[in-house]
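Written out below as structure tokens is the structure these notes cover.
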Amino acid sequence: MCGIVGYVGKESAQEVILQGLEKLEYRGYDSAGIAILEDGVIKSDKFKGRLSVLSDYLNDHPISGSLGIGHTRWATHGAPSDENSHPHLNKESTIAVVHNGIIENYVSLKEELIAKGYEFKSQTDTEVIVHLLDSIYEGDLLEAVNKLTKLIRGAYAIGVVCSKNPGEMVAVRNESPLIVGLGKDENFIASDIPALLKYTRDVCILENGETVHLTPEKVTIYSKDHEIVQREKFTVDWDVESASKGGYDYFMLKEIHEQPTAIRETLLRRLDENGKIKLDDIKLTKEDLEKITKVYIVACGTAYNAGLIGRYAIEKFAQIPVEPDIASEFRYREPFIDQNTLLIVISQSGETLDTLAAIREAKRKGARILSITNVVGSSVARESDDVFYTWAGPEVAVASTKAYTTQITALYMIALDLALTKGTITEEFYFDTINKMKELPEKVERILENAEDIKKIAEDIKDSQSAFYLGRGLDYQTAMEGALKLKEISYIHTEAFAAGELKHGTIALIEDGTPVIAIAGQESLYEKMLSNIQEVKARGAYVISIAKESKKEIEAQSDRVIYVPDVDDILAPVLTAVPTQLIAYYTSLIKGNDVDKPRNLAKSVTVE
Ligand code: F6R
């Protein structure tokens with residue numbers, strides 16, 4: 001996730017771009033930069049840090065000119081730094097590029113460019129774009145970008161300006177978002193609509209594979225095959241506040257809907273050209289693994305719940321016993337830690353103090369730390385030996401959703417990689433599981449298509465004093481996350497129970513009408529789960545089941561059923577989590593709560 005703004009017109013490009021970037025800071029905020037054509041020369045400034053670092057500098061050192069591009073970054077390849085910030089320029093500073101996305105084949109392209117004598121200043125994948133453009137540019141910027149798209153692979157939105165083509169800007173998109181803003185004697189590009197609302201409400205959305213050529217007077221969109229495309233403009237009638245939520249009422253709903261992309265990115269960015277998992281920042285060798293006698297997974301809240309799924313995956317695939325623990329408890333219970341311990345920590349923000357304290361304690365005792373985090377350069381990332389970054393993009397809503405499903409995705413990948421290194425799974429199983437994981441984003445999309453149906457369930461449970469989630473095996477872990485989500489934003493007292501435990505006490509809580517959300521996503525435990533559903537139903541529970549779509553017979557035991565696509569048991573938690581997120585979201589919404597900022601909570605918990 002990064003934000004792009006580009007301007008070609010008659011006004012101050014600096015002002016338009018800075019105003020636009022301010023509205024895109026939610027897409028990334030670890031560095032920002034700008035490139036403007038001033039008197040025939042591209043001037044560029046870029047800095048690590050918030051956008052304010054750049055704007056403060058430009059206040060004192062303004063750049064004049066009416067053609068330019070800007071970028072706010074959420075670091076992916078290469079930590080936040082001035083050098084890794086965008087725009088990237090060629091050696092002569094005649095071409096400047098901003099990019100959002102990933103160039104999957106950047107390693108081989110970089111090698112080829114280095115062989116041709118190009119020097120790289122950054123660790124980014126983006127820098128290959130500008131040097132490639134330099135190598136193919138023959139006077140026509142649009143033609144150069146067309147050629148570029150034949151050479152690069154991956155997800156991208158790219159904006160380019162060239163000092164030899166004053167008054168022109170070219171942009172192209174594949175998967176990453178890009179819109180075109182239409183003005184009078186001025187035109188714009190941006191990653192998202194809010195960036196442009198101060199200047200225009202007339203926009204066109206670029207489709208995948210399309211390129212756009214902009215001058216102050218004209219915008220021409222080209223298809224993948226370089227045919228001119230007639231695109232209807234539309235007029236935005238949202239206010240700025242709702243536009244930054246991409247048309248969604250709340251960030252939480254937006255983030256729930258971003259999950260297919262987030263899961264896809266987390267997975268695909270870590271697959272090499274042969275479809276194998278590449279854990280660049282994790283250097284655990286077979287010899288390292290052989291020495292490991294103890295694995296802990298430590299995290300807080302939702303991240304801990306993701307860790308519980310990770311435990312199953314690592315134990316199943318890599319056959320290494322794993323002990324999960326809550327970070328705030330872990331360090332006070334004197335765990336057995338030595339040089340042969342691997343501590344896997346999970347933290348969306350990378351700044352949770354309890355988690356950091358657990359890292360420090362384990363490190364002090366000699367453990368090796370592998371972290372899964374969403375924020376590049378965060379404290380957790382910095383203090384770990386090995387890091388796996390999820391690619392969820394900034395998560396704004398306090399209730400974590402896309403971070404959770406990408407953390408699980410990351411844990412599956414780590415488990416598969418460890419297992420293959422250890423030789424506990426076959427290559428066939430490994431690739432088969434990766435292929436099944438590739439289907440997850442589309443399966444999540446299918447669940448989201450029916451999101452609105454879950455409103456009815458929220459209506460049913462909104463006035464309840466308490467609610468229960470039930471599950472067995474991996475479904476129990478999903479139940480824990482579902483219960484946390486529902487309680488934290490709806491304020492309904494919700495507990496999760498292992499369905500087999502009911503008869504040992506909990507079932508006494510079931511009364512007429514008590515909502516019980518039964519997760520029945522595990523084929524291997526399905527029959528047993530049906531019996532548990534019957535037990536609570538017989539005592540008056542109002543049962544909402546979450547089941548695989550081939551399990552229609554569950555309807556006879558349930559008051560309502562939410563189906564998810566069929567999937568292997570081990571991968572089911574990614575799918576069954578989504579309805580639980582929607583149940584929580586709609587219940588909170590209907591109750592009139594502040595969905596994104598529930599009472600008493602904060603997004604980043606930096607206190608003990
Ligand atoms: C719940 C939620 C929290 C966080 C927890 C850890 O929706 O978001 O439970 O998961 O505070 O935060 P991170 O992952 O940033 O360490």
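For this structure, a couple of remarks:
- Between the amide H of T390 and those of T373, N374, distances stay under 5 Å, these residues lying 5 or more places away or on another chain, with hydrogens modeled in the peptide plane.
- Whether the range 251-438 is rounded, prolate or oblate, judged on the alpha carbon gyration tensor where a/c under 1.5 counts as rounded: oblate
- Listed values for the range 311-318 are Karplus-derived 3J(HN,Hα) couplings in whole Hz (6.51 cos²θ - 1.76 cosθ + 1.60, θ = phi - 60°), namely 4, 4, 5, 5, 5, 6, 7, 9, and x replaces Gly and Pro.
- The chain: calculated mean residue ellipticity at 222 nm from DSSP helix runs of at least 4, using -39500 (n - 2.57): -10500 deg cm²/dmol
- Anisotropy class of the range 447-590 from Cα gyration tensor, a/c 1.5 cut: rounded
- Sulfur and carbon atoms: percent of accessible area, the range 3-243 [1.4 Å]: 47 percent
- Rounded to the nearest 10 degrees, the angle from helix 402-422 to the longest Cα principal axis of the chain is 80 degrees.
- Measure of compaction for the range 59-127 (Cα Rg per 2.2 N^0.38 Å): 1.21
- Relative to the longest principal axis of the Cα atoms of the chain, the long axis of helix 353-364 makes an angle of roughly 90 degrees.
- Those GluC sites (Glu not before Pro) in the range 429-482 that DSSP places in a loop and that have at most 16 other beta carbons within 10 Å: E439
- Across the range 3-243, counting alpha-carbon atoms alone, Rg and Dmax equal 16.1, 51 Å.
- Accessible-area ranking of D82, D60, D134, largest first, probe 1.4 Å: D60, D82, D134
- Taking the C-alpha atoms only, the angle from helix 106-115 to the longest principal axis of the chain is near 40 degrees.
- Computed 3J(HN,Hα) for the range 451-458, one whole-Hz value per residue from the Karplus formula 6.51 cos²θ - 1.76 cosθ + 1.60 where θ = phi - 60°, is 3, 4, 4, 6, 4, 5, 5, 4, glycine and proline marked x.
- Antiparallel bridge percentage (DSSP; both residues within the range 251-438; nearest 5): 5 percent
- For peptides 391-403, 333-345, 258-270, 503-515, sequence by mean Cβ density within 10 Å, most packed first: 391-403, 258-270, 333-345, 503-515
- Just so you know, the Rg over Rh for the chain is 1.00, from Cα atoms, with Rh as the Kirkwood radius.
- Overall shape: oblate for the range 158-213, with the ratio a/c of the largest to smallest alpha carbon gyration tensor axis at 1.5 or above and b/c at least equal to a/b.
- Heavy-atom surface of the chain, accessible at 1.4 Å and reported per residue (Å²): 39 Å²
- The spacing between the range 577-593 and the range 194-272, judged by their C-alpha centroids, is 27 Å.
- For the range 251-438, with all protein chains in place and a probe radius of 1.4 Å, 48% of the accessible heavy-atom surface sits on carbon or sulfur.
- Karplus-derived 3J(HN,Hα) values for the range 181-188, using 6.51 cos²θ - 1.76 cosθ + 1.60 with θ = phi - 60°, are x, 10, x, 9, 6, 7, 9, 9 Hz; glycine and proline are entered as x.
- Segments 527-539, 272-284, 29-41, 95-107 sorted - mean Cβ within 10 Å per residue, highest first: 95-107, 29-41, 527-539, 272-284
- Those lysines that a straight Cα-Cα span of less than 20 Å connects to K184, excepting residues fewer than 8 apart in one chain: K10, K198, K218, K233
- Loop-located chymotrypsin sites (Phe, Trp or Tyr not before Pro) in the range 168-263, at most 16 other Cβ atoms within 10 Å (DSSP): W238, Y248
- Built amide H within the under 5 Å cut-off of V345, gap 5+: V298, L370, S371, I372
- Counting DSSP beta bridges with both ends in the chain, the antiparallel % (nearest 5): 60 percent
- Distant-in-sequence amide H partners of V564 (H built 1.01 Å from N, under 5 Å): A547, K548, E549
The values are calculated or read from the model by the stated rules, or taken from the named source; none is laboratory data. A quick note: this is a predicted structure, and the numbers were derived from the prediction, not measured. With ideal geometry, Cβ positions are generated from the backbone for all residues, glycine too; neighbour counts draw on all protein chains shown. Please note that ligands, DNA and RNA were not included when accessible areas were found on the heavy atoms of the full protein model with its side chains. Shrake-Rupley method; radii C 1.70, N 1.55, O 1.52, S 1.80 Å.
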